[in-house]
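The numbers here are math on the coordinates, done by the rules we state, and not lab data. This is a predicted model, so every value here is computed, not measured. As a convention, Cβ positions derive from the backbone with ideal geometry for all residues, glycine included, and neighbour counts pool all protein chains shown.
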Amino acid sequence: MSDSKVMAKVEGKELTKGEVQEFIQLMGPQGAQLNNEDGIKKVADELVNQELMYLEAKEKGYDEDPEFLKEVERIKEQQLKQFAINKLLRQVDVQEEDAKKYYEEHKDQFQTKANFKAAHILVEEEDVANKVLEEINKGKDFGEAAKEYSTCPSKEKGGDLGQFAQGQMVPEFEKALLTQEIGEIAGPVKSQFGYHIIRLDEKNEPTTMEFDQVKNQIIQQITLRKQQELYLEKCKELQGQYKVEKNY
């Protein structure tokens with residue numbers, strides 16, 4: 001069935017499949033379940049019903065009812081306000097060179113965080129941590145030591161914590177990672193959880209994202225800021241033209 005297929009006529013007025021599908025789209029996520037053959041028919045029935053109600057309302061003169069006219073005026077006022085705001089905001093036009101300039105001046109905002117892959121052994125007492133570290137230095141396998149001594153659930157995986165970004169671990173733990181070399185075992189490192197012996201397996205330093213990666217984000221950010229500034233500036237100007245009384 002094509003979009004131009006006429007699904008119904010009410011007093012000669014045609015209802016096409018395209019109009020039905022447009023109505024379904026306006027329903028958003030709720031309409032997704034109706035975007036099938038049965039759903040389209042149900043929506044078509046509803047639109048036919050609405051058209052019948054409209055015809056009767058016109059016949060009864062509801063379009064001249066003071067209550068209706070008051071509601072129309074209220075909706076018209078709201079729509080006109082929004083139309084005026086949108087028309088004003090459309091004046092803001094941010095170009096790629098504006099975004100590029102912002103990027104060059106604020107590169108620190110577009111840095112990725114350092115990320116790590118590490119394993120650890122967590123114990124409650126410092127002397128135990130020193131004992132474990134001594135055993136590892138003498139050749140004991142780190143993973144076996146983790147399974148034997150660690151109080152962290154990661155002990156089941158030989159102390160492996162997987163991949164994580166800077167900011168996800170306690171500061172003392174991260175400070176050690178930032179100064180460690182890959183493959184190095186450090187410790188004991190004291191934190192609120194106890195004493196850690198840390199093995200650093202991978203470390204990726206922070207990098208600055210390329211302009212093309214963040215261009216659209218910057219354009220949107222600048223656009224929103226300029227639109228807000230323009231809107232407030234316009235409102236301030238209008239307060240000088242029209243009488244405003246505030247009781248707050």
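P(r) for the chain, from all Cα pairs and a bin width of 5 Å, is 1, 5, 8, 8, 7, 6, 6, 6, 8, 8, 8, 7, 7, 6, 5, 3, 2, 1, 0, 0 %, short bins first. Taking each residue as 0.36 nm, the span from Glu124 to Asn204 lengthens on full extension beyond its C-alpha to C-alpha distance by 25.8 nm.
Have a look at Pro29, Pro66, Pro206 and tell me which one the Gaussian network model of the chain (Cα, springs below 10 Å) gives the largest fluctuation. Of Pro29, Pro66, Pro206, the Gaussian network model singles out Pro29 as fluctuating most.
Annotation: amide H-H contacts under 5 Å for Ala114 (H modelled 1.01 Å from N, sequence separation of 5 or more, or interchain): Gln166. Multiplying the residue separation of Leu230 and Leu69 by 0.36 nm and subtracting their alpha-carbon distance yields 54.6 nm. What is segment 72-209 by shape, rounded, prolate or oblate, if you read a ≥ b ≥ c off the alpha carbon gyration tensor as root eigenvalues and call it rounded for a/c under 1.5, prolate for a/b larger than b/c, and oblate otherwise? It comes out prolate by the Cα gyration axes. Given +1 at the Cβ of Lys and Arg, -1 at the Cβ of Asp and Glu and no other charges, the dipole of segment 134-248 around its Cα centre is 780 debye to the nearest 20.
How much net charge surrounds Glu97 when only the other residues with a Cβ under 15 Å from the Cβ of Glu97 are counted, with Lys and Arg +1 and Asp and Glu -1? Cβ neighbours under 15 Å give a net charge of -2.
When peptides 234-246, 154-166 are sorted by average Cβ neighbour count within 10 Å, with the highest value leading, the order is 154-166, 234-246. Where the only charges are on Cβ atoms (+1 Lys, Arg; -1 Asp, Glu), what is the dipole of the chain about its Cα centre, to the nearest 20 debye? Magnitude of the dipole: close to 500 debye. Here the gap between Ile219 and Glu184, fully extended at 0.36 nm per residue and compared with their Cα-Cα distance, gives a gain of 8.3 nm. Averaging 1/r across all pairs of distinct Cα atoms in segment 11-53 and inverting the result yields a Kirkwood radius of 10.6 Å.
Between the beta carbons of Gln163 and Gln95, assuming R0 = 25 Å, the FRET efficiency works out to 0.05 to the nearest 0.05. When the Cα positions of Gln228, Gly28, Tyr195 are compared along the charge dipole of the chain, Gln228 comes out farthest toward the positive end, with charges on each C-beta of Lys, Arg, Asp and Glu. Checked against a 31 Å cut-off, the cross-linked pairs Lys41/Lys70; Lys13/Lys70; Lys138/Lys190; Lys70/Lys243; Lys70/Lys246 give Cα-Cα distances beyond that limit for Lys41/Lys70.
Each principal axis of the Cα atoms in segment 179-248 has its own extent, and those three values, largest first, are 72, 38, 13 angstrom.
What you get for segment 175-223, charging only the Cβ of Lys and Arg (+1) and of Asp and Glu (-1), is a dipole of about 300 debye around the Cα centre.
Note on the chain: GNM, Cα springs under 10 Å; of Gln217, Gln21, Gln227, the largest mean-square fluctuation is that of Gln21.
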